[in-house]
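Working notes, beginning with the structure itself.
The values are calculated or read from the model by the stated rules, or taken from the named source; none is laboratory data. As the structure is a prediction and not an experimental result, all values here were calculated from the model. When we count neighbours, we look across all protein chains shown, and the Cβ atoms used for this are built from the backbone with ideal geometry, even at glycine.
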């Protein structure tokens, strides 16, 4: 048994970890890549034990120099202005950045194979360019039917390269078309990914697709899904061991692990990840520290559920100590990346104290200096500013105003104004009274007109105009709402009115718009 699992089991938290471990501290004997079955559902849960004094060897106290640096920086500037002139060209929120990453995996990977004639290679390149845009959520992505036609033409022409077959399988699966063709393509892919011949990024994406296929076939919790889960972890750890790992790859790796982990039972994934962290000694240090930070943070919050006894509080605080240690180490290693600062913001909020007297705003400022358009950290601060975490509605509105004032309508930042107002409505229960407060509606006009002006397409522009109509109606500005809806006619998405809890048809009827 690893020291980390002993540490966790001492708190009686990870029953799944207990299922993975058998006598003499050795792992249960299971098929390669699989996870041992859970204990019987009727078996009593293990009783919580006192927190172990054994500290996982990778969890070291923070460097005093690091703490002094934080203390000095916070004392000098407790709140830094948002860097509104920041370069966001490498932000992962940009579809272009994500598309560039996937182009390297698919297009560069295909070219490296040096197979097929020039015409086929050109056709495959066009297909893969469209697929990279698709999986990057780019507004420029081709229609599904067009991509499917391109991919099937390549397959019928004899193209069997997994860089092409994997996107074809994914589109077939998503569109729920051609089940016989999909089975045939999967057979080709199974043969291709039998070893480690291809990029771990490509392989991980294949195993994730196969897990979705298995799940859709009725296997919700079985061993075949867990096997794919283990393959995904193995592949991404193989990617993390690349000595030439770039910062974009580091960020994509931890993002993919976090996103794909949500598709599996958290206990299973967490324990499999922990065991892999113990066996994989050569992965990128920053990646390791981020994963350990998130691991301990998640376990801590699992403890903070239900009635909080003294024992539960002690375990929660103990796990947070280790989460913070790894977060600080990740920040020391790569302060130019925002993920560690965001984790430390969450830890500071959850413990109501900083490592060196700093507050949540310090870590927010660190994160946005690294990536101005890192939406996750804006959402984290938005939560931390709620009254339940010693914030206030005034602080929430002030933060929304600050985000809107950047004028960076090419980013997600100004839209945080709506997020903050919406969060207050969640707590108060109604839009009307808040929209009547001085300046609230007027700033919504600035928001949606700014977004409309920056829109790159008519559809995107219409969306912001429709939202302005919705908030105008909610604020009692019926003439403005009627004017916009009459202008847009049918080019209105009901979801834009749902943003303000308004049914579009009812609004049209009330305004007597046909």
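Considering each of 215, 226 in turn, give the residue that is crowded, with 22+ Cβ neighbours inside 10 Å, at pLDDT below 95 and under 25 Å from the mean Cα position of the chain (by Cα).
Testing whether each residue is crowded, with 22+ Cβ neighbours inside 10 Å, at pLDDT below 95 and under 25 Å from the mean Cα position of the chain (by Cα) leaves just 226.
Could you please give the count of residues in region 50-68 that are under 16 Å from residue 331 (Cβ atoms) and modelled with pLDDT under 65?
0
Consider region 448-467. How many of its residues are over 13 Å from residue 496 (Cβ atoms) and in a helix (DSSP H, G or I)?
5
Condition (residue is touching a strand residue (DSSP E or B) at 6+ places or on another chain (Cβ under 8 Å) and touching a residue at least 24 places away in the same chain (Cβ under 8 Å)) applied to region 295-304: is it met by at least one residue?
No, region 295-304 contains no residue that is touching a strand residue (DSSP E or B) at 6+ places or on another chain (Cβ under 8 Å) and touching a residue at least 24 places away in the same chain (Cβ under 8 Å).
Sort out which residues of region 160-184 are in a loop (DSSP other than H, G, I, E, B) and more than 20 Å from residue 198 (Cα to Cα), and write them in order of number.
176, 177, 178
Testing residue 250 on (1) free of Cβ contacts under 8 Å to residues at least 12 places away in the same chain; (2) part of a helix (DSSP H, G or I); (3) closer than 28 Å to residue 367 by Cβ, one condition comes back false. Which one is that?
Tallying (1) free of Cβ contacts under 8 Å to residues at least 12 places away in the same chain; (2) part of a helix (DSSP H, G or I); (3) closer than 28 Å to residue 367 by Cβ, residue 250 fails exactly one: (1).
Filter region 483-509 for residues that are farther than 27 Å from residue 423 by Cα and part of a helix (DSSP H, G or I) and give the result.
483, 486, 487, 488, 509, listed by residue number.
Identify, please: which residue in region 330-344 is surrounded by 23 or more Cβ atoms within 10 Å (Cβ to Cβ) and more than 16 Å from the chain's Cα centre (by Cα) and is, among those, nearest to residue 298 (Cα to Cα)?
Out of the qualifying residues, it is 344.
So that you can scan it fast, the table gives a plain yes or no per residue for (1) outside any helix (DSSP H, G or I); (2) at pLDDT 95 or above; (3) out of contact with any helix residue (DSSP H, G or I) (no Cβ under 6 Å at 6 or more places or on another chain):
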position	(1), (2), (3)
245	yes, yes, yes
264	yes, no, no
278	no, no, yes
302	no, no, yes
320	no, yes, no
325	no, yes, yes
336	yes, yes, no
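Please give the number of the condition residue 384 fails out of (1) out of contact with any helix residue (DSSP H, G or I) (no Cβ under 8 Å at 6 or more places or on another chain); (2) closer than 24 Å to residue 353 by Cα.
The one condition residue 384 does not meet is (1).
Being outside any helix (DSSP H, G or I) and modelled with pLDDT under 95, is that true of even one residue in region 468-481?
No - not one qualifying residue is present in region 468-481.
If residue 433 meets every condition in (1) buried (at least 18 other Cβ atoms within 10 Å of the Cβ); (2) under 30 Å from residue 510 (Cα atoms); (3) free of Cβ contacts under 8 Å to residues at least 12 places away in the same chain apart from one, which number is that one?
Among (1) buried (at least 18 other Cβ atoms within 10 Å of the Cβ); (2) under 30 Å from residue 510 (Cα atoms); (3) free of Cβ contacts under 8 Å to residues at least 12 places away in the same chain, the lone unmet condition for residue 433 is (1).
Return the total of residues in region 402-436 being closer than 26 Å to residue 95 by Cα and more than 24 Å from the chain's Cα centre (by Cα).
4
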